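J.: Next up is a structure, given as structure tokens.
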Amino acid sequence: MTDLKEYFNIALRNIRTRLLRSWLTILGIIIGVFLIISLLSLSEGLKMTVDQQLQALGGEMVMIVPGEDFISSMMFGGTKLQAEDIEAIQKADGVDTVISYSYIGTIARYEGESKQIAIAGLGPWREALEIFEVFQGWSLREGRWPSKGNQVLIGQQVANKIFAEEVEIGSEIIIKGRKFETTGILNSLGSQQDDSMVYMDIDVYQDVTGEKRGTAAYAMAKLVDGADENEVAESIEESLKKTRKRRLGADEADFSVITSEKMGELAGNILGIIQIVIIGFASIAIVVGGIGITNSMFTSVRERTREIGVMKAIGATNSAILSIFLIEAGIIGILGGVGGLILGSALAKGIDYYAQMNPSFYFTATVAPWMIVFALLFSFSVGCLAGFFPARQAAKLKPVDALRRYE
Amino acid sequence: MGKIEVHALRGLSLEISPGAFVAIMGSSGSGKSTLLNMIGCLDFPTKGKVYLKGKNIAEMPESQLSQFRGKILGFVFQEFNLLPNLNALENVMLPMVFQKVPLAERKEKAQNILGKVGLKGRVHHQPSELSGGERQRVALARAFANDPEVVIADEPTGNLDSVTGRMIMETLTDFHKKQGKTMVVVTHDPKIAQYAEEIVNIQDGQIVGNHATAKEYLWKNHD
């Protein structure tokens, strides 16, 4: 142990005498680890944001989306649930209330200014509001819940950001030539998209947009108390299949019934892919840093070949020389790791802080403990690995050859 | 690029007995340094054998070789070869680090030897802050740190002026006389060779005995 301590001192001395070069190498690692940490913390933050939104869906709700592929129909719309489908859902065991939901992008005018927004129709209106209030966590920042057909609720973005003038309670907003009264402004719903909507009764929505009455882009079923979401999902599926078969004669299930559990899985898959891509990029950064260490160690070994010869001549074993150089490379790796960790965490904290100050910025970054352990272990092993080959090469030299170099 | 094989030493046979003070003389390129490196386990013959304490060095494992270099042998180089990052004391302590001597003992011994070579006040100086003569004295102290049986010096005065060179040789001779250590010194300077008890003359990789035999003869007569 005492000799290891001594080797550590020697290694430290070597780093200090080549201060600038050592710092440049360390900087290479810092950037690599910084990239890893910031990318990972952002992806971790993304995961947390998605998890939070999924929780808002809750265990008491099941979503029914038309189309074979859930993702594409969510994104591009297209097929709609028909009135018969809604009825079928309503008839399924364990379903308490069915809420229809449709949305479309359109132009809204406020105080003479026209802007692109989205409008969403919910129905039946009163039940929808009640359910959304309890299960989706909707709450009013200002005003009251609308009751009449021409009254609308607006999201936070619509109120504050979209129009030059802030939209006030009781003011008039014109959509597709119809005048609506803003009666309530919602608190943030946790996503930019949801906050940029104007919400209204689905009947009014269908009048305005010309959508066929009784249809919906998707539906949400609130379960009766104590029902199991998976069982209810199954019974909804059965019921829907039956009506569809009768109506279209087709047997295929071109709709998806999504429970919160399934949604979680789905989001998990997507996030998994994102994370793999992120880790891929981060690995490139680390490899570049590792090459930096290797390069620096090779140079260091080459310019000190003579010193190595001297050390061998006065009795240093190969393993002693290897240890000194490995410790040197390890120190460089660890310092780079710590530096990158500090910078990466600072960035994550910065983003987190910014997100708290600006609720409309739906993004957080989290540095998980495993990332710290990973970054330190990783940078240390990259350092050691990068130092190993030049060090071994140096240790294996015949002393006379090492001494003769650069004479 | 092809390598041209050069035989630095040919048909050479030399025996050095414990406690001897041998000077190896010869002009530049005569092979004297190669001979010394082989005695010091720094180089190995392609043919032929080198025995150190009765053991063939070519057959020794690396661990034992480093043990030999560190414990049995002490080196003094022409270019001093101190580690530039370590101060005088640390340079002298380094061979003892490799022999796993505990810190306190190491320090005391190193300070003691540095005192003997007249560097008591300079122990914390970096090599760059020392003069050539002082550096070589640090190197001497380092060679003696592990109390070796054989001290090998390759042109120890080659980079020094004559006055400093004499001082170094006197220190070496002093160690030889007081502690009975075997000394092998390579030099091309006859004045330095005078300090030795035996002189081996080497030319084109072979011992040309005359001078040496004469000297040996002289010593024999002396006894």
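J.: Helix B:210-222 versus the longest principal axis of chain B: what is the Cα-based angle in degrees, 0 to 90, to the nearest 10?
T.: For B:210-222 against chain B, the angle is about 70 degrees.
J.: Angle, helix B:88-98 long axis vs. longest principal axis of chain B, Cα atoms, 0 to 90°, nearest 10?
T.: Roughly 70 degrees, rounded to the nearest 10.
J.: Which lysines have a Cα less than 27 Å from the Cα of B:K49, not counting those fewer than 8 places away in the same chain?
T.: A:K312, A:K396, A:K398, B:K3, B:K32, B:K71, B:K181, B:K215
J.: Summarise the partner chain shielding of B:70-83 as one whole number: the mean count of Cβ atoms from other chains within 10 Å of each residue's Cβ.
T.: 4
J.: Hey, got a sec? Which trypsin sites (Lys or Arg not before Pro) in segment A:130-238 land in a DSSP loop and have at most 12 other Cβ atoms within 10 Å? Working shown, then result.
T.: Details: sites: A:R141, A:R144, A:K148, A:K161, A:K176, A:R178, A:K179, A:K212, A:R213, A:K222; in loops: A:R144, A:K148, A:K176, A:K212, A:R213.
Here the sparse-neighbourhood loop sites are A:R144, A:K148, A:K212, A:R213.
J.: Please give the contour-minus-distance gain from A:D207 to A:I104: 0.36 nm per residue of separation, less the Cα-Cα distance, rounded to one decimal in nm.
T.: Using 0.36 nm per residue and subtracting the Cα-Cα distance, I get 35.8 nm.
J.: Can you give me the angle between helix B:162-179 and the longest principal axis of chain B, using Cα atoms only, in degrees from 0 to 90, rounded to the nearest 10?
T.: Roughly 90 degrees between the two axes.
J.: Give the total of Lys-Lys pairs in segment A:80-253 with Cα-Cα distances below 18 Å; include a pair only if its members are 8 or more places apart or on different chains.
T.: 13
J.: Further question: Report, ordered by chain and residue number, the aspartates and glutamates lying within cross-link reach of B:K53, taken as a straight Cα distance under 20 Å and ignoring same-chain residues fewer than 8 apart.
T.: B:E15, B:D43, B:E62, B:D147, B:E149, B:E198
J.: In addition: Averaging the inverse of every distinct alpha carbon separation and then flipping it gives the Kirkwood radius. What is it for segment B:21-222, in angstrom units?
T.: For segment B:21-222, inverting the mean 1/r across all distinct Cα pairs yields 17.5 Å.
J.: Out of residues 5 or more away from B:Q203 or on other chains, whose amide H comes under 5 Å of its own, with H placed 1.01 Å from N in the peptide plane?
T.: B:V208
J.: Could you work out the Rg to Rh ratio of segment B:1-118, with Rh taken as the Kirkwood radius (inverse of the mean 1/r over all Cα pairs)?
T.: Rounded to two decimals, Rg over Rh is 1.02.
J.: Translational diffusion coefficient, Stokes-Einstein: compute it for chain A using the Kirkwood radius over C-alpha pairs as Rh, at 37 °C and 0.692 mPa s, and state it as an integer in µm² s⁻¹.
T.: In µm²/s, the coefficient is 127.
J.: State, to one decimal in nm², a quarter of the convex hull surface area for the C-alpha atoms of segment A:80-253, i.e. the direction-averaged projected area. Please list the in-between numbers first.
T.: Numbers: hull surface 41.2 nm².
Over every viewing direction, the Cα hull of segment A:80-253 projects on average to 10.3 nm².
J.: Would you work out the Kirkwood radius for segment A:315-399? I mean one over the mean of 1/r across all pairs of different Cα atoms, in Å.
T.: Value: 15.1 Å, from the Cα pair sum.
J.: Shifting gears a bit: If you take all C-alpha pairs in segment A:123-219, what percent of them are over 18 Å apart?
T.: Considering segment A:123-219, 45 percent of its Cα-Cα pairs are separated by more than 18 Å.
J.: Which percent, nearest 5, of DSSP beta bridges in segment A:80-253 are antiparallel?
T.: Counting DSSP beta bridges with both partners in segment A:80-253, the antiparallel share is about 75 percent.
J.: Just for chain B, what percent of DSSP beta bridges are antiparallel, to the closest 5? Intermediate values should be presented prior to the final figure.
T.: On the way: 4 of 22 bridges.
Bridges in chain B that DSSP calls antiparallel: roughly 20 percent.
J.: What nm distance separates the two modelled labels at A:S139 and A:S114, each placed 7 Å from Cα along Cα→Cβ?
T.: According to this spin-label approximation, the distance is 3.8 nm.
No value in this document is a laboratory result; all are computed from the given coordinates. For clarity, every value in this text was computed on a predicted model and none was experimentally measured. Please note: Cβ atoms are built from the backbone with ideal geometry, for glycine as well, and neighbour counts cover all protein chains shown.
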